[in-house]
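Asks: Before we start, here is the structure in question, set down as structure tokens.
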Amino acid sequence: MQFIDTHCHLDFDEFKGDFQNLVYRANRLGIHGFVVPGVTLKQSQTLLDFKQHNPGVYIAFGFHPYFMAEHQDGNFEQLKNLAIEHRKQLVAIGECGIDAGIENIEKQQALFVEHIKLANELSLPLIVHHRQSHHLIMQAFKQVQPKRGGVIHAFSGSQQQAQAYIKLGFKLGVGGTITYERANKTKQALAQVPLDSLVLETDAPSMPLAGYQGQMNLPERLKAVFDCLVAIRSESEFEIAEQIYASSCSLFKI
Ligand SMILES: [Zn+2]
């Protein structure tokens, strides 16, 4: 079985020093691809070099809502130019989106719409961050409809919400959330949607799995997320692995 971690921040400082080991351990479990999202202008610039030195790494450019304070006026224009220049190196636009836990929602909304436009212009999928913001994300999608879909990162929500995203061509990012017992609604949704609408992700070093709270999350834990997904789906382990791998490759054109 082969896997792609479709969302992990392997370039973050947390992983410095132990990087080769980290990749080796993930590889041993069949995890050979890693999609590393952009979070700020400066970091997106550094991703080009990071990709070049690390086989199996695929990159995206974007402004993460967590770093709102760092996104200065004019920065998005710079990101856009960088993305146009390095279009061939990119598999997506993101991590972008709207986080209701972070202030300045209006600026987040405007920035998110700019990301959708850029993704459409470059014919790339989006990596979408959400937190208590499904309605705002949908609003933005109504304003500018994404042409190549993308991933709803760390999907949590109802089956109805899941279906609405799938209808717009999005995949649902399945991560550590489903390893928690309390995530019943999300598990139910992920058990029932079409298998080809799912991709796997860890968000490492964030979003630790159940049993690892307080620890740094690792890409090798993707296998445990997969096992949890197998437990709630009706298809065989191999069918799930094969379909998800194929979906990840076709979405990101890997
Ligand atoms: Zn992330």
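The values are calculated or read from the model by the stated rules, or taken from the named source; none is laboratory data. Model, not experiment: these values are computed from the prediction. Cβ atoms come from the backbone with ideal geometry, glycine included; neighbour counts cover every protein chain shown.
Asks: Condition test on Q43, is it among the polar types (S, T, N, Q) and within 16 Å of the ligand (Cβ to nearest atom)? Steps first, answer last, please.
Replies: Details: among the polar types (S, T, N, Q): yes; within 16 Å of the ligand (Cβ to nearest atom): yes.
Considered against the rule, which asks whether it is among the polar types (S, T, N, Q) and within 16 Å of the ligand (Cβ to nearest atom), Q43 comes out as yes.
Asks: Somewhere in the stretch 64-86, is a residue farther than 19 Å from K171 by Cα, within 18 Å of the chain's Cα centre (by Cα) and of a type in the set (F, W, Y)?
Replies: Checking the stretch 64-86: at least one residue is farther than 19 Å from K171 by Cα, within 18 Å of the chain's Cα centre (by Cα) and of a type in the set (F, W, Y).
Asks: Tell me, yes or no, whether the stretch 102-111 has at least one residue that is within 23 Å of P146 (Cβ to Cβ), part of a loop (DSSP other than H, G, I, E, B) and among the β-branched types (V, I, T).
Replies: yes
Asks: From the list F67, F34, F61, F50, which residue is modelled with pLDDT under 95 and within 16 Å of the ligand (Cβ to nearest atom)? Step through it out loud before you land on a result.
Replies: Working: F34 fails: modelled with pLDDT under 95; F61 fails: modelled with pLDDT under 95; F50 fails: modelled with pLDDT under 95.
Going through F67, F34, F61, F50 in turn, just one is modelled with pLDDT under 95 and within 16 Å of the ligand (Cβ to nearest atom): F67.
Asks: Here is a further query. For the stretch 113-142, how many residues meet the condition of being part of a helix (DSSP H, G or I) and either hydroxyl-bearing (S, T, Y) or over 20 Å from V36 (Cβ atoms) (or both)?
Replies: The number of residues fulfilling the criteria is 15.
Asks: Looking only at residues in the stretch 99-133 that are under 14 Å from the mean Cα position of the chain (by Cα) and among the β-branched types (V, I, T), which one is nearest to the ligand (Cβ to nearest atom)?
Replies: Per the criteria, the residue is I127.
Asks: OK, next. Look through the stretch 13-31, keep the residues that are out of contact with any helix residue (DSSP H, G or I) (no Cβ under 9 Å at 6 or more places or on another chain) and under 12 Å from P205 (Cα atoms), and return whichever of them is farthest from the ligand (Cβ to nearest atom).
Replies: Once the filter is applied, the top-ranked residue is K16.
Asks: What number goes with the only condition from (1) under 29 Å from V113 (Cα atoms); (2) polar (S, T, N, Q); (3) surrounded by fewer than 21 Cβ atoms within 10 Å (Cβ to Cβ) that T186 does not pass?
Replies: Of (1) under 29 Å from V113 (Cα atoms); (2) polar (S, T, N, Q); (3) surrounded by fewer than 21 Cβ atoms within 10 Å (Cβ to Cβ), only one is false for T186: (3).
Asks: Can you give me the number of residues within the stretch 146-161 that are away from the ligand (no atom under 16 Å from the Cβ) and either among the β-branched types (V, I, T) or over 20 Å from F252 (Cβ atoms) (or both)? If you could, list the steps in order and put the result at the bottom.
Replies: The initial filter retains those residues of the stretch 146-161 that are away from the ligand (no atom under 16 Å from the Cβ), namely 146-149, 157-161.
Right, trim to either among the β-branched types (V, I, T) or over 20 Å from F252 (Cβ atoms) (or both) and you get 157-161.
The qualifying residues number 5.
Asks: Of all the residues that make up the stretch 206-249, how many are touching a residue at least 60 places away in the same chain (Cβ under 8 Å) and β-branched (V, I, T)?
Replies: The number of residues fulfilling the criteria is 1.
Matching residues to (1) under 16 Å from the mean Cα position of the chain (by Cα); (2) aliphatic (A, V, I, L, M); (3) within 16 Å of the ligand (Cβ to nearest atom); (4) modelled with pLDDT of 95 or more:
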{"site": "K171", "(1), (2), (3), (4)": "yes, no, yes, yes"}
{"site": "K187", "(1), (2), (3), (4)": "no, no, no, yes"}
{"site": "V199", "(1), (2), (3), (4)": "yes, yes, yes, yes"}
{"site": "A204", "(1), (2), (3), (4)": "yes, yes, yes, yes"}
{"site": "L218", "(1), (2), (3), (4)": "yes, yes, yes, yes"}
{"site": "A224", "(1), (2), (3), (4)": "no, yes, no, yes"}
{"site": "E239", "(1), (2), (3), (4)": "no, no, no, yes"}
{"site": "F252", "(1), (2), (3), (4)": "yes, no, yes, yes"}
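Asks: May I ask you to list the residues in the stretch 100-149 that are touching a His at 6+ places or on another chain (Cβ under 9 Å) and of a type in the set (V, I, T)?
Replies: Residues satisfying the conditions are I127, V128, I137.
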